[in-house]
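No lab work stands behind these numbers, since they all come straight from the coordinates. Because the structure is a prediction, the values reported are computed rather than measured. When we count neighbours, we look across all protein chains shown, and the Cβ atoms used for this are built from the backbone with ideal geometry, even at glycine.
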Amino acid sequence: MFLWWGAAVLWVTATLEWFSALDDLKAGLTAVFGYRVSRGFVSISLGDVVGLIVTVWVAFLLSRFIRFVLEEDVYPRLPMGRGMPYAISNLLHYLILLLGFLVAVGAMGVNLDRLTILTGAFGVGVGFGLQTIVNNFVSGIILLLERPIQVGDAIQMGDLDGEVRRIGIRSTTVHTWRGAEVLVPNATLISGNLTNWTLSDRTRRLELPIGVAYGTDPERVLGLLTETAASVSGVLASPAPVALFLGFGDSALNFEVRAWTDHFEEWGSIRSKMAVAVNNRLKAEGIEVPFPQRDVNLRYPPKEET
């Protein structure tokens, strides 16, 4: 693309030079871009605005190039924790954009000392009107530095549960298990009660409650449940599945099977397979899974003698 643009500029320059219009065009552009508008101690021209846009654009391209080099060549060679490369790349991106903006402002001839005064006054306004935005901004930096959540983590917060797709400077994008993209303010993630299912590992415990009919031997049921859960594909052998006798219910003896899986994305499917396997095994062993029953006794008042 750069070669194409370079060739186009050379062709336009050569064409204007051929028709002796290049000098007139330069003079016209100089007059247009050099015309200045002054307001107090601020003096600005169209050339300054264009220079500001170009400088910020170049800073953005430089940031993309540096992040590409880091992700493709540097990070794979370094022993870095999960989520650290993403945090470094994002912080570096915002830092380069900030430096590019300051360089562009300085190139415009704006007095940075006076700009500091304006920034202080602006900060007072931020304290009143933009408090929420600044809070989310600071919370985004905290998320990138402390890394309580990382891209790819499965999180749960109130009614929201899903996978973290992006951690921005203002909000975090969560892809719910139902397929929706939810933007969560960073301040909410910092201040609220957040469950991260995959912060340290991607294993998850599966819990399956089961009730069997009264009169069934609990020891026999515990053995069958443990053996059946261990035979299900996707259930980890270590830690091994455990069956527990929880107590006596209204209509059944209550048990629970607890097993672990490292296929986090498939935990719902694996739990379903385990339930089917347990049901088939109990049926094959002649063990009844009861349903709630109630005995209703009807009493009629004695008839009055007449």
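Checking every one of the trypsin sites (Lys or Arg not before Pro) in the range 148-221 against DSSP loop status and a limit of 11 other Cβ atoms within 10 Å picks out Arg178.
Label zone of Phe248 (point 7 Å out along Cα→Cβ, amide N under 16 Å): in the range 217-242 this covers 217-219. Take the Cα of Arg202, step 7 Å toward its Cβ, do the same at Asp161, and the gap between the two points is 1.8 nm.
With a sphere of radius 13 Å drawn around the Cβ of Leu92, what net charge do the other residues whose Cβ falls strictly inside it have (Lys, Arg +1; Asp, Glu -1)? Write out the running numbers ahead of the final one.
Numbers: positive: Arg64, Arg67; negative: Glu71.
Combined, the nearby Lys, Arg, Asp and Glu give +1.
Leu208: net charge of surrounding residues, Cβ under 12 Å, Lys/Arg +1, Asp/Glu -1, itself excluded?
+2
The stretch between Trp57 and Glu227, if pulled fully straight at 0.36 nm per residue, gains 54.9 nm over its current Cα-Cα span. Considering only alpha-carbon pairs that sit under 8 angstrom and 6 or more positions apart, the relative contact order computed for the range 137-262 is 21 percent.
What translational diffusion coefficient, to the nearest whole µm²/s, does the range 208-247 have by Stokes-Einstein, given a Kirkwood radius computed over alpha-carbon pairs, a temperature of 25 °C and 0.890 mPa s viscosity? The calculation lands on 222 µm²/s. Under the combined filter of DSSP loop state and at most 12 neighbouring Cβ atoms within 10 Å, the range 206-300 retains these chymotrypsin sites (Phe, Trp or Tyr not before Pro): Tyr214.
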